[in-house]
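One structure below.
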Amino acid sequence: ITAIELTEAYISAIDAANDRLNAYIKITPDLARVMAKNSDERIAAGKAGELEGIPLGIKDLFATVGVHTQACSHILDGFEPRYESTVTQNLWDDGAVMLGKLNMDEFAMGSSNETSHYGAVINPWRAAGSNQQLVPGGSSGGSASAVAAHLCAGATATDTGGSIRQPAAFTGTVGIKPTYGRCSRWGTVAFASSLDQAGPIARDVRDAAILLKSMASVDAKDTTSVDLPVPDYEAALGRSLKGMKIGIPNEYRVDGMPDEIETLWRQGIAWLKEAGAEIVDISLPHTKYALPAYYIVAPAEASSNLARYDGVRYGLRVDGKDIVDMYEKTRAAGFGKEVKRRIMIGTYVLSAGYYDAYYIRAQKVRTLIKRDFELAFDAGVDAILTPATPSSAFGVADENLAADPVKMYLNDIFTVTVNMAGLPGIAVPAGLDHKGLPLGLQLIGKPFDEETLFKTAHVIE
Ligand code: GLN
């Protein structure tokens, strides 16, 4: 098959399914055809890159030259960057083909992909015997839905508190958030800069390994990117788990967790044991503070990062009687409800008088969370196995969740700790629930040891 043929097949699949799933907000068929033609020429000339001719979807958070990049927010209407994000540039340099931009929660804030200015993304999965539409999770819901429905071979995604792993778990796909610093954040619209990391969502562990290898790099334009060699992750697949220690953190048995999540976790433990790993109980005592601390740190950083959207430099402008009035009107019209909530929380916790009580306190908690993991790894644990999410995918426009944002935030209970500690985490499909919906397990690794996650996840998938 040629790159052009493969690309045309994906374009047809998108045309047929996107009205129903709303996974892509912008399809770039002309660009895709040019890129695919170039791929075919390089293949013919014997100069194929590692991803030559592979059609990918790109989360709308990544800046793409000349292609509308909006973080699915009204406030970035019409913004076409003059620069390319380092992660996407790495993919193009390896020969990948861009199919278009993928839907997401506005500024990556959400766990259901319902906060997008472009409307909710639909999960291609349905519960057995039901027609109810389900969410794909968020914020990388467009990425997850598109990969699950074969509307791209793989997708870029980002994860600040779970936005790669939770949607992967809800759609039966594989998603890895690498160690903080593994991928450059340059050209990725910032949400919470000390937590944001890019990573792939893919159909299996092997594809995720190949994509991450391409996406990862040290980058002079992001001083938090780390100058370490990027291993050949694919080579790790199939390596033995003998001698490995897998930690099972007691604190992840949360109240009200469905029995079938517990059963899935046990099944995962059994598979890893069978593959030769030793299972040890561990304690991560500060786990219960991770979610509240995250919802201070992330909004604090977001409120600062989002200050730049002022109607002058980017996208939308709503005229006012003077410049301050213009700022206010633009921001009032341009940001959605969830984003405004985060800006208000963030501004509050950073304000004089509250800074020490909230923000500084949350940063201290963050250090304790990180130390919990360090102690476990120092004691010889190689990776940690947990459920990826406390439930399978829920319905679109769930009244319970809409009425109470904190309930929505609880979706991240197993994933945010990893961002707070800067560690790598992978979500891998591990089975179906009683409704026939996918459930995922999460593996958490040592800093920059994504290889161990790939080889261990490969045993589970
Ligand atoms: N759901 C979390 C939030 O809304 C995480 C989002 C993310 O990882 N981008 O903040």
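The values are calculated or read from the model by the stated rules, or taken from the named source; none is laboratory data. The structure presented is a predicted model; accordingly, all values stated were derived computationally and were not measured. All Cβ positions, glycine included, derive from the backbone under ideal geometry; neighbour counts span all protein chains shown.
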When ALA235 is run through (1) in a helix (DSSP H, G or I); (2) surrounded by fewer than 16 Cβ atoms within 10 Å (Cβ to Cβ); (3) in contact with a strand residue (DSSP E or B) (Cβ under 9 Å, 6 or more places away or on another chain), the failure sits at (3)
Criterion first (of a type in the set (Lys, Arg) and either in contact with a strand residue (DSSP E or B) (Cβ under 9 Å, 6 or more places away or on another chain) or touching a residue at least 24 places away in the same chain (Cβ under 8 Å) (or both)) does LYS407 satisfy it? no
With the first residue restricted to region 90-116 and required to be under 19 Å from ALA149 (Cα atoms) and assigned by TED's automatic domain parsing to the domain that holds ILE27, and the second required to be among the basic types (Lys, Arg) and within 16 Å of the ligand (Cβ to nearest atom), Cβ contacts under 8 Å at 6 or more apart or on different chains are LYS101/LYS59; LEU102/LYS59; MET104/LYS59
Quick count over region 410-438, residues being assigned to a loop (DSSP other than H, G, I, E, B) and charged (D, E, K, R), is 2
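Residues are listed down the side, and each one gets a yes or a no for (1) surrounded by fewer than 14 Cβ atoms within 10 Å (Cβ to Cβ); (2) in contact with a helix residue (DSSP H, G or I) (Cβ under 7 Å, 6 or more places away or on another chain):
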position	(1), (2)
ALA277	no, no
ILE282	no, yes
THR287	no, yes
LEU291	no, yes
TYR295	no, yes
ALA300	no, yes
ALA307	yes, no
GLY320	no, yes
When region 139-151 is checked residue by residue, the ones that are within 16 Å of the ligand (Cβ to nearest atom) and among the aliphatic types (A, V, I, L, M) are ALA144
Selection from region 70-118 of residues of a type in the set (Val, Ile, Thr) and either assigned to a helix (DSSP H, G or I) or within 16 Å of the ligand (Cβ to nearest atom) (or both) yields ILE75, THR86, VAL87, THR88, THR115
| query | Does region 321-332 contain at least one residue that is free of Cβ contacts under 8 Å to residues at least 40 places away in the same chain and within 25 Å of the chain's Cα centre (by Cα)? | reply | no
Scanning region 331-367 residue by residue, those small (Gly, Ala, Ser) and touching a Ser or Thr at 6+ places or on another chain (Cβ under 6 Å) turn out to be GLY336, GLY346
When (1) closer than 30 Å to LEU432 by Cβ; (2) within 15 Å of the ligand (Cβ to nearest atom); (3) not charged (D, E, K, R) are applied to ALA298, the one that fails is (1)
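One line per residue, one yes/no per condition, for (1) on the phi > 0 side of the Ramachandran plot; (2) in the same structural domain as ILE54 (by TED's automatic domain parsing); (3) touching an Asp or Glu at 6+ places or on another chain (Cβ under 6 Å); (4) not in a strand (DSSP E or B):
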residue	(1), (2), (3), (4)
VAL121	no, yes, no, yes
GLY129	yes, yes, no, yes
PRO136	no, yes, no, yes
ALA144	no, yes, no, yes
VAL147	no, yes, no, yes
LEU151	no, yes, no, yes
ALA157	no, yes, no, no
GLY161	no, yes, yes, yes
TYR180	no, yes, no, yes
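Run down GLY353, GLY431 and say which single residue is at positive phi, surrounded by fewer than 20 Cβ atoms within 10 Å (Cβ to Cβ) and either in the same structural domain as VAL67 (by TED's automatic domain parsing) or modelled with pLDDT under 95 (or both).
Working: GLY431 fails: either in the same structural domain as VAL67 (by TED's automatic domain parsing) or modelled with pLDDT under 95 (or both).
Within the list GLY353, GLY431, the selection yields GLY353.
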Residue pairs qualifying under the 8 Å Cβ cut-off, at least six apart or on distinct chains, with the first in region 424-435 being touching a residue at least 60 places away in the same chain (Cβ under 8 Å) and the second being aliphatic (A, V, I, L, M) and surrounded by fewer than 23 Cβ atoms within 10 Å (Cβ to Cβ), are VAL428/ILE460; ALA430/LEU264; ALA430/ILE460; GLY431/LEU264; LYS435/ALA127; LYS435/ALA128
Within region 26-42, of all residues that are touching a helix residue (DSSP H, G or I) at 6+ places or on another chain (Cβ under 7 Å) and not acidic (Asp, Glu), the one surrounded by the most Cβ atoms within 10 Å (Cβ to Cβ) is ALA36
Residue hits (region 105-134; among the charged types (D, E, K, R) and surrounded by 24 or more Cβ atoms within 10 Å (Cβ to Cβ)) are ASP105, GLU106
Within region 152-209, residues of a type in the set (A, V, I, L, M), within 22 Å of LYS455 (Cα to Cα) and within 16 Å of the ligand (Cβ to nearest atom) come out as ALA155, ALA157, ILE164, ALA168, ALA169, ILE176, ALA198, ILE201
